[in-house]
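Note sheet for the following structure.
The values are calculated or read from the model by the stated rules, or taken from the named source; none is laboratory data. Keep in mind it's a predicted model, so treat the numbers as computed, not measured. When we count neighbours, we look across all protein chains shown, and the Cβ atoms used for this are built from the backbone with ideal geometry, even at glycine. Surface areas here come from the heavy atoms of the whole protein model, side chains and all, with no ligands, DNA or RNA. Shrake-Rupley method; radii C 1.70, N 1.55, O 1.52, S 1.80 Å.
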Amino acid sequence: MDGLEIRHQRDLPARPGRHAPWPAWLEVGTPARTAVEQIGVDALWTHQVVAADALMAGRHVVLTTGTASGKSLAYLLPAATAVVGAGRADDDAVRWRRRPATSLYLAPTKALAHDQARVCAELAVPGWRVATVDGDTDPADRQWARDHAHHVLTNPDLLHASLLPNHTRWASFLRSLQFVVVDESHRYRGVFGAQVAAVLRRLRRIAAHYRADPAFAVLSATSAEPIATAAALTGIAADDLTLVDDDGSVRGAVRISLARSDLAPETAAAELMATRVRAGEQVLTFVPSRRLAEEVARSAETSVSAGPAGAEPGSVLAYRAGYLANDRRLIERGLADGTVRGVAATNALELGVDLAGLDTVVLCGYPGSRAAFWQQAGRAGRRGAAADVVLIARANPLDAYLLDHPAVLFDQPVETAVLDPASPSVLGPQLAAAAQELPLRPGDERWFGPGTWALVARLTERGLLRRRPDGWFWTVPQRAVDRISLRNTEAHTIDIVEEPTGRVLGTVGLDAADLVVHPGAVYLHQGDSYLCDDDGWDVEAGEVIVRAARPGYLTQPVVDAEVSPGSPHRERTLGTGRLAYGSARVSSRVTGFLRRDELTGRVWDTTPLDRPERVLSTAATILTVTAEAATPRAGSPRAGTLGAPSPAERSELSRPRFDAGIHALEHLITGVLPAIVANDRYDIGSHSWIEDTGAAAIAVFDRRPGSGFAAGGYDRAEAWLTAARERIEECSCGNGCPACILAAGCGSSRALDKGTARRLLATLVPNSADPGRAGAPGDTGSR
Ligand SMILES: [Zn+2]
Ligand SMILES: [Zn+2]
């Protein structure tokens, strides 16, 4: 296929759709039934009916069917029917002087809430009033939503910072609250997930205060443990959640190919897209950065216009963050009416709900999680026609591992969303916010869990709460919610501001600021590069100034780090090594940076910096191995598949070699961790060193305290290190390559030794319980 080496193919057969009879409450002539028929739906899929019926009966539902399976109707029909029923809207309300049923829809981003609002507008149930409320909504519209809307679409940020703190103004809405929809719930993971979990608990508590008992609809991609995840997110007992996961929707056949190319992956992707577009197909290509979206689109477009078919210009477009909603709509409409033939989109981009039904979807690199992979792959497939999904691997340990172990991708469930709602660093401030909404009283632990009162005592000691006869009150003049950032746990964040536009490109925590935007750093943002001003560093003002630049080099901080483990919460042996999980203090200081050639990676020079020491108190998983255990001996089973050790290997490992091995191992295991735990590369940090005892240690820690990824690694260490072992044994390079032990982000001058890393792994996970090739998860039961 077009210069690609296809390593694996998997065919997903076409699936006929299964319909179910209309629910009794949706009889012919009811407004919701008429509305849904008018958008061309003449029968509902089985899962839509099962979920809608359960919600209508007041049960909590977890709905995990595929992309484009029509999850929205499953809650829109009950929500609208509860209001307009058999067509006599508001009759009861008038009689009882209260609003009819209200419903609240939560999307992880504003853009998704707006997409969903469009779905509601198309459905257009007469008499059912829908409003979108977010940070951009003007006060008059917000007030209308508060006082008159039946269905409010928003995001957790607004719920947290505005709706709940002002709940008295939302009282009539909350009193009638019958449904809460949590869409794309797999996106709530790590610290953000823990924060949203606390916000949903606050919502349930406030709703109960207004005597409402809303049914929750939790919508997510298929996941390993959908019920447990939804229970952790909402605080609703697992027994009270109804799982609907039997997808009744029709699906065309899809062929998924895993491929590699000798060309750069983006070049191969652009060529494939051009070929397919010339053949008359519609193609969507996912790339890792904004710059690549532009480049791939441009290159494919050039190739298409030059080709024999001579497609009209403008038929291949980039679709990326920063585009306004209108531009995105135009692209989506162009795809729908056929004028747009190809789109290159960034991985991280929120695609509109309508963007589906493509002939070919190309993934330029693995998007980092199975959840994201299936979401993107789900954009392929027209009714009744075959479609293609092609993943082109990039040169990193994770992509390389998946090419060798396609079963990990195809046959394992989507990653469990890791979140820890009990994390004190999250729950403490959230309890303060809850106390400001309504004083905390005995019994409130049913919302916030058994850790509640210990944290309340701490907040009281610190003078933030005061105990009175009727509960614990917030005593400080400021709003408690303003001390919480849902999407970032660091109290002090710094804005990265582009000059001369003044646009805020992003924010970064104080400790990470030294790493990514130190004076003189080249800052990469969605594929564009910027140079940090030497004198634009103004931590006091909370901002760093950067300017668009392409200086021909990249920078890499040189970090002097130290990890001091606290006493471990959990500990066990792992082969010849030891594994511990617990709190840790990570202190780091940026002492300078390297300039590396943008193309070759060669180091140009080193510039010293004098940055203060930063301390991060977080959780870490620490792996300890001794040189002795790692030294192969003649006849020792530890030599494993490696054959008889050479005389050189038989002697004790030299300290430099041991250090180089442990350093290589550090890179390798952090590189493959996302195959096991759904983290992004930046969620975790790592450090390795040799202790005074001569043993070596690798610490893998959460960069954001409370995110739970280090714990996930501890729990699934066998699967994790087995994946690492397989990756290094299967890598055909000589002394190491980016697909095994070389890490682009490493600024250390320490050596790397692939052979020693490989031997170390063989002593840690001697029996390869292959989770990939066997086709069965080898790691079940650990989480
Ligand atoms: Zn390699
Ligand atoms: Zn390194």
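Some points to look at:
- Cβ-placed point charges (K, R +1; D, E -1), dipole of the chain about Cα centre in debye, nearest 20: 1580 debye
- Ligands, DNA and RNA left out, the accessible area of the chain computed with a 1.4 Å probe is 51% carbon and sulfur.
- Distance between the modelled labels on ARG467 and ARG298, one decimal in nanometres: 6.7 nm (7 Å Cα→Cβ projection).
- For the stretch 178-271: span of alpha carbons on each principal axis (Å, largest first): 62, 33, 20
- Full extension of the chain segment joining ARG458 with ARG503 gains 12.2 nm, where the gain is 0.36 nm per residue of separation less the Cα-Cα distance.
- Contour minus Cα-Cα distance for ASP535 and SER172 (0.36 nm per residue): 125.4 nm
- Shown is the FRET efficiency for ASP11 and ASP246, computed with R0 = 35 Å from the Cβ-Cβ distance and rounded to the nearest 0.05: 0.95.
- For ALA549, nonlocal amide neighbours, meaning residues 5 or more places apart or on other chains whose placed amide H falls under 5 Å from its own, are SER529, TYR530, LEU531.
- With R₀ set to 60 Å, the beta-carbon distance separating ASP610 from ASP42 gives a calculated FRET efficiency near 0.25.
- The amide H of ALA318, built 1.01 Å from its N in the peptide plane, has ALA344 as neighbours under 5 Å, considering only residues 5 or more places off or on other chains.
- A convex hull fitted to the Cα coordinates of the stretch 25-162 yields 122 cubic angstrom per residue.
- The stretch 588-604 versus the stretch 196-254: alpha-carbon centroid distance in Å: 46 Å
- Here's how it looks for PHE286: its modeled amide H is under 5 Å from those of ALA345, VAL362, LEU363, CYS364, which are all 5 or more places away or on a different chain.
- Cα-only Debye scattering, the chain: base-10 log of I(q)/I(0) at q = 0.05, 0.08, 0.10 Å⁻¹: -0.28, -0.73, -1.16
- Those residues of the stretch 151-168 whose amide nitrogen sits under 20 Å from the label point placed on VAL119, 7 Å along Cα→Cβ: 151-159
- Modelled FRET efficiency - R0 30 Å, THR573 with SER654, Cβ distances, 0.05 increments: 0.75
- Label-point gap, in nm, between ALA336 and ASP213 - each point 7 angstrom along Cα→Cβ: 4.1 nm
- Backbone phi angles across the stretch 335-346, fed through the Karplus curve with coefficients 6.51, -1.76 and 1.60 (θ = phi - 60°), yield HN-Hα couplings of 5, 5, 8, x, 6, 9, 9, x, 9, 9, 10, 6 Hz in residue order; Gly and Pro are listed as x.
- The label point for ARG750 and the one for ASP136, both projected 7 Å from the Cα toward the Cβ, are 4.6 nm apart.
- For the stretch 477-482, 3J(HN,Hα) computed residue by residue from phi via the Karplus equation (6.51, -1.76, 1.60; θ = phi - 60°) reads x, 6, 6, 4, 5, 6 Hz, glycine and proline entered as x.
- Once you reduce the stretch 558-579 and the stretch 459-520 to the center of their Cα atoms, the two points are 30 Å from each other.
- For the set THR30, THR339, solvent exposure ranked by accessible area (probe 1.4 Å, protein chains only) runs largest to smallest as THR339, THR30.
- Burial ranking of peptide ranges 659-671, 107-119, 148-160, 601-613 (average Cβ count within 10 Å, highest at the top): 659-671, 148-160, 107-119, 601-613
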